[in-house]
Structures are given as structure tokens and as C-alpha cells.
Amino acid sequence: MFDHPSFDAHEGVHAFHDAQSGLKCIIAVHSTALGPAAGGCRMWNYASSDAMLTDALRLSQGMSFKNAMAALPLGGGKSVIWGDPRKDKSEALFRAFGRAVDSLNGSYYTAEDVGIDTSDMAMVRRETRYVAGLDEGAAASGDPSPITARGVYLGIREVAKRLYGTGDLSERTVAVQGVGSVGAHVCAYLARDGARLVISDIDQVALKDVSASTGATIVQPDDIYDAEADIFSPCALGAVINEKTLDRLRVKGVAGAANNQLIVPEMGEFLRRKGILYAPDYVINGGGIINVAAEISGNYSRDWVDGKLARLIETLGEVLDEALSTGQPANAVADRIARQRIAGAKAAAPK
């Protein structure tokens, strides 16, 4: 565990198993320096327990940085459930997961992520109050995906401004990988701006729906890396910028909703060398956790959410400008700022 390349001084990594429901999950708490850890729950049919652990650790660290960059009073954590979300869900499983969350006594708040929806969170809520992304309740805000998507769309415009001198996307082509709950909303925003879209996904129904509503061109999942486009927007799973895909990219910018897009941090430097401007994923995709933070506060305000999102997009612009002016990879700039904010909170905490 402590030698794992993605451990990064996690405060706690908790494994839970419930034989009756079949629950196998990991809750990783990276940092509570800024507040209780918060991050969604992902359900995925992992190839191995090591793959599951790696995903949990990387996602948890990413949430620490995401919450820090969004200036939220939250630390970073993440939960992953090993299972097929299409056939392994049950009330017993989610209630067992809720008990696991509750056992951490408020050090971690959960919400939706890949493979999980608001109905699943409603079952989790029966066992713990440390859950957000609900449809019902005094401060319920529902699925945070639309807010995430709006932030990604605004972030794409910020990247375009720096590449082309304008955020006008009417003459631009954007290749969107993944048209699920976030990606479909991103496509809708881009289409309204007149952008040309190239899309891919393993879900054929979702592809056809998005293509019909936006006029997007559909390509096979592996062909999205070869698309002739101005900006590549990964909105599915992580590690898509890797040694196999890097040389195939024919774009000037990468800006998408997926977490952990770089298989290793060094890929940020390789993108820079190729002349590709990268919007660090945990900055551009922070809209959803802003929405969740408002719900956790117990006093949800859409005005507060919109204000925080606007400031986050300003922060993204500042990161991009520093990267361009200093010749650093954008992810290195963002990492430094996030770590400084977390370290500052630790130093200021009562001893």
C-alpha cells in the first residue's frame, strides 16, 4: 500500500466487504486539511483488485486537488464499488455501502460518479447522512452532471481563446469522447455555439441520440484519437492520454470532463512539447463538486454555485496563462497551486 505509486500520503484507505450483498468497495480519503473529504462513488467492473485500488487512489487525490482549486471547504476522497452497474446493483448493496460510509463518521461524503445515479444515492441515504447528489431533501440539488458539463463547456471556450484569440466556437471542431451524463450536455452546449462535433462512445443508443440532436459525426471508439479537430474533449474514463494515443492526436487543445486523463503526470509535458494546450481535468471539471458542496452545506443556493463556477473558470484561465507564459505544462502549474493551498490549510490548522 505505502509503496503504491499513487499512494501520495493518503490519510486513509478503507476496504469494505459485505458477503450478503456482494459489496466490495474501497473508500480512499486523501486529505481532510480543507474540510471533510468529498468525492463521488464509482461503480465499475474492474479487471483486478489492483486496478480498483489504483483507480480509487488516483481519483481520491484528484478530488483533493479539485476541491482546493475550486476554493471549497472540502478535502478529497473517493469511493469505488467493484461490480457491473448494469446488472449488479441492489438495494442491499447500496445500503451496505451506506453503512461503510457512515462508519467513517463524517470524514467522507459521497455522491454520484460513473455507474451511479440519484436513485442509487437515495438508497445509500437510508444508512448515512454523509451523502449528496440527492433528488429529495431540504438542500437536495440532484444530479451534478449538468453543472459539471457547463464548466467543461466554459473551459473549452477558455482554451479556444488562448489558441485562437476568441472563444467563438462556430468555426471549430471538437472531438468528444463519451456522451454519457456529462458528455451529452457538453455536446448540447457546443452545438448551440455552432461547433462541429465528432463523437464516440460504446453506448450506441446514446450516440444516436446525441448525433440526432446536434448533427455530430459518429466515429468508432478507437478512431476518436485520429479525428481532425481543434480540441479533444475526453468525457469518459481516465488514462486516455498515454503513450499509445499521444502521437495520434491531431488537435491543438485537450479539454474534457474525464478524471485522470493523463496516464502519468509526465504526459502533460509531452502534450506541451507537441504544442497541445491541456486544461487540467480537476480544474475544468469542478462544477459538479461545487454543486455537491452547496448541498453538503445544508443551504443550497444556485447563485452561490454559479458564482463559484465562474471563479473556477477564471482560475483555469490563470493556470493556462501561467503555463503559456512560463513554458510549463499546465498540469504542473495546477498541481503546484493545489498542493500549496492544501499545505497552507494544514499549517494553519490548530495543533
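The values are calculated or read from the model by the stated rules, or taken from the named source; none is laboratory data. Note that the structure is predicted; figures quoted are calculated from it, not measured. When we count neighbours, we look across all protein chains shown, and the Cβ atoms used for this are built from the backbone with ideal geometry, even at glycine. What goes into the accessible areas is simple: the full protein's heavy atoms, side chains included, and nothing from ligands, DNA or RNA. Shrake-Rupley method; radii C 1.70, N 1.55, O 1.52, S 1.80 Å.
What region 1-131 shows is 40 Å² of accessible area per residue, with the surface traced by a 1.4 Å probe over protein heavy atoms.
Using mean Cβ contacts within 10 Å as the protection proxy, how do 20-26, 69-75 order, highest first?
Working: 20-26: 18.0, 69-75: 21.3.
Highest mean packing first, the order is 69-75, 20-26.
If the segment from V264 to D226 were pulled out straight at 0.36 nm per residue, it would be longer than the present Cα-Cα gap by 11.6 nm. Strictly greater than 11 Å: what percent of every Cα pair in region 223-268 meets that? Roughly 64 percent, rounded to a whole number.
Over region 84-143, the hull volume per residue, using the convex hull of the C-alpha atoms, is 78 Å³.
Please report, in cubic angstrom per residue, the volume enclosed by the convex hull of the alpha-carbon atoms of region 63-188.
On the way: hull volume 17.4 nm³, N = 126.
Considering the Cα atoms of region 63-188, their hull volume per residue is 138 Å³.
For trypsin sites (Lys or Arg not before Pro), the sites in region 214-266 that DSSP calls loop and that have at most 14 other Cβ atoms within 10 Å are K244, R250.
Of all accessible surface on region 240-323 at a 1.4 Å probe, what whole percent is carbon and sulfur? Taking all protein chains in place, region 240-323 shows 49 percent carbon and sulfur surface. Here region 3-132 is treated as an ellipsoid with the same Cα gyration tensor; its semi-axes, largest first and in whole Å, are 22, 17, 12. Temperature 20 °C, viscosity 1.002 mPa s: under these conditions the Stokes-Einstein estimate for region 263-351, based on its Kirkwood radius over C-alpha pairs, is 147 µm² per second.
Kindly state, to the nearest 0.05, the FRET efficiency for K346 paired with D203, given R0 = 51 Å and r defined as their beta-carbon distance. Write down the numbers at each step before the final one.
Working: r = 42 Å, r/R0 = 0.82.
According to the calculation, E is roughly 0.75.
Taking region 263-280 and a reference point 7 angstrom along Cα→Cβ of E243, the backbone N atoms nearer than 15 Å belong to 263-268, 270. Percent of C-alpha pairs per 20 Å bin in the chain, short distances first: 32, 60, 8. Global size of region 146-194: 10.3, 30 Å for Rg and Dmax (C-alpha atoms, Rg to one decimal, Dmax whole).
When the helices in the chain are scored as -39500 (n - 2.57) per DSSP H run of 4 or longer and the sum is shared across all residues, what 222 nm value do you end up with, to the nearest 500 deg cm²/dmol? Don't skip to the answer; put the middle values down first.
Numbers: 11 runs with 147 residues, N = 351.
It comes out at -13500 deg cm²/dmol, rounded to the nearest 500.
Surface composition of region 1-55: carbon and sulfur make up 53 percent of the accessible area, probe 1.4 Å.
Counted over the chain, the DSSP beta bridges are approximately 35% antiparallel.
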